[in-house]
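Read the figures in this text as sums done on the coordinates, not as results from a lab. These numbers come from a predicted model, not from an experiment. Virtual Cβ from ideal backbone geometry, glycine too; neighbours counted across all protein chains shown.
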Amino acid sequence: MGNSVPDWEYLPELCLLTILEKIDEPISRVQFGVVSKYWHSLFNTFLDIKRRSSTNLVPMLMIPSKKSATKRKIYSIQAKSKIAEIEFPKPYTWRYCGSCYGWLATVDENFNITLSNPFENLSIHLPQFDSMAYDSGHYTYKILKVVLSDDPLLHPNNFVVVVIYSVYGRLAFYRPCQENWIYMDVDEDQSLFLDILFYKGLVYAIGHYNNLVWFDVNGVEDDESSKSPKLNTLVPTILRLENHSFRVYLVKSSMGNLYSIHKHLDFEEVGERSVHWTKKFTVFKLILDDENSKLLEKKEVESIDGDIVFVGDNRTLAVSALDFPEGQPNSIYFTDDFIDRDTYEILGPRDIGIFHLKDGSLEKYYQFKSSHKDLSPYIWISPSKEYN
C-alpha cells in the first residue's frame with residue numbers, strides 16, 4: 001500500500017488562514033496569494049477578515065463646513081471623494097485636540113474636556129482640568145493633545161486618557177476609576193512633550209528636543225490622594241538647536257516596532273507675519289530592551305515596515321500597505337498641527353500633504369479650500385466600520 005502524499009494546494013481553509021496569520025512579512029503574504037487560485041481566494045478572504053477586525057483601519061479626513069457650524073464632511077482618501085456628512089448636537093469647537101478610535105476631544109473655556117463620538121452620538125464628560133491662567137494664548141491650545149489607550153465603547157471601565165497640556169507640554173492622565181486627573185510631576189525643562197503612545201502596557205511620551213520618557217499607570221491607586229507614577233527617562237532633554245523638532249510623533253508599526261517621526265518646517269514672511277510649510281520628515285527606529293524598558297538603539301531609517309502613517313492632532317497611526325493598497329508604502333500623510341492662529345488668519349491650516357520616505361518628495365492628497373482658512377484645522381478620524 002503506497003504512502004499518501006498530502007495535496008498542499010488544497011489544505012483546509014482554517015489551516016491556511018492560520019498560516020497566513022503567522023506570516024509577518026507583507027511580501028511573503030503576497031507570495032502566498034500567487035501559489036494557486038485557491039490560495040489567492042483565501043488570501044483575499046484573509047485580507048477581508050483583517051480589515052474588519054483591525055483597530056488600525058484607514059482613517060478619513062474630517063473637513064469643516066462653511067455653511068453650517070454643526071456639520072462636518074468625511075472625506076475618504078481611498079475613494080478620493082466625500083462619503084458622508086455628520087452633524088454634531090451643538091456647534092463644534094474651533095480646534096479638536098485629539099482623535100482616537102472615532103472619539104474627538106474638545107476643551108471649553110472652563111477647561112472641561114469632552115470626548116464625543118459623532119458616529120454613535122455619544123459623549124463622555126471628563127473631570128474638569130485645572131485652570132492654567134498663567135499660560136498665554138487661546139484656551140483650545142492649552143490642551144495640546146488627548147490620546148486614549150482603548151475605545152471607551154469596547155472598554156467602558158478600563159481605558160486611560162493621557163493629556164499633554166500647557167505651553168510647557170506637561171502630562172496628566174485619567175481613568176474612569178478616578179475622580180480627578182493625576183498630574184505628572186516633571187521639571188519644566190524636562191517636559192515640552194508633543195506626542196503620546198501606549199506601547200506594550202506602558203505610556204511613552206516624546207518632546208520637542210527628542211526627550212523620551214515612559215511611565216506606568218497600571219499600579220496607581222484609585223483614590224484621589226494617589227501620587228503620580230515615576231517618570232522614567234530614556235532620552236533626556238538637551239536644549240540644542242540640532243535636537244529640536246517642531247513636531248515629533250511616536251508610532252507602533254503594523255509589525256509592532258517603535259518609531260519616532262520628526263517634522264521639519266520651513267518659514268517665510270507674508271506681510272508682517274511668518275508662515276510655515278512642511279519641508280520633510282525624518283524617521284528613527286527605536287529599539288528597546290523589553291525587560292527593563294531601556295533604549296538600546298536609535299537609528300535613522302527610510303522604512304516604517306512598509307506602513308502608511310497618519311500624523312496630526314490625532315492618535316498617530318500606522319496602517320499596513322495591505323490594508324491600504326491605494327497608498328504608497330513608507331509614506332506619511334499629515335495635517336496642519338503647528339497650532340498658530342496668527343498664521344491661520346492669513347492662509348488657514350493649509351499645510352497638508354503626503355511625504356514619501358523613499359525619495360523625499362511631497363504631494364497633496366486633498367486640495368485645501370481657501371474658504372476654510374477661518375475654520376478649524378482638518379483632522380484624521382477613524383469612523384465606525386460601516387463608514388469604511
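Charge dipole (Cα centre; +1 on Lys/Arg Cβ, -1 on Asp/Glu Cβ; no other charges) of segment 226-269 amounts to roughly 500 debye. In loop segments of segment 207-273 as defined by DSSP, the GluC sites (Glu not before Pro) with at most 11 further C-beta atoms inside 10 Å of their C-beta are E221, E224, E272. Computed over segment 269-339, the convex hull of the alpha-carbon atoms projects to a mean area of 7.3 nm².
About its Cα centre, the dipole of segment 211-339 is roughly 420 debye, where the only charges are +1 on Lys and Arg Cβ and -1 on Asp and Glu Cβ. Applying a threshold of 30 Å to the alpha-carbon distances of K71/K145; K37/K285; K142/K373; K230/K252; K71/K252 flags K37/K285; K71/K252 as lying beyond it. Full extension of the chain between K67 and K279 yields a length gain of 73.0 nm, computed as 0.36 nm times the residue separation minus the alpha carbon distance.
As a test of understanding, state the convex hull volume per residue of segment 249-388 from its alpha carbons, in Å³. Please list the in-between numbers first.
On the way: hull volume 19.6 nm³, N = 140.
For segment 249-388, the hull spanned by Cα atoms encloses 140 Å³ per residue.
Go through 298-309, 141-152 and give me the packing order, highest mean Cβ count within 10 Å leading.
On the way: 298-309: 17.5, 141-152: 21.1.
With the highest mean Cβ count within 10 Å placed first, the list reads 141-152, 298-309.
Mind checking segment 202-285 for trypsin sites (Lys or Arg not before Pro) that DSSP puts in a loop (not H, G, I, E or B) and that have at most 14 other Cβ atoms within 10 Å? In loop regions of segment 202-285 (DSSP not H, G, I, E or B), the sparsely surrounded trypsin sites (Lys or Arg not before Pro) are K227, K230, R240.
Taking the Cα centre of segment 145-223 as origin and assigning +1 to Lys and Arg Cβ atoms and -1 to Asp and Glu Cβ atoms, the resulting dipole is close to 300 debye.
Assuming a viscosity of 1.306 mPa s and a temperature of 10 °C, what translational diffusion coefficient in µm² per second does Stokes-Einstein assign to segment 178-310, Rh being the Kirkwood radius over Cα pairs?
Values: Rh = 16.6 Å.
Value of D from the Cα-based Kirkwood radius: 96 µm²/s.
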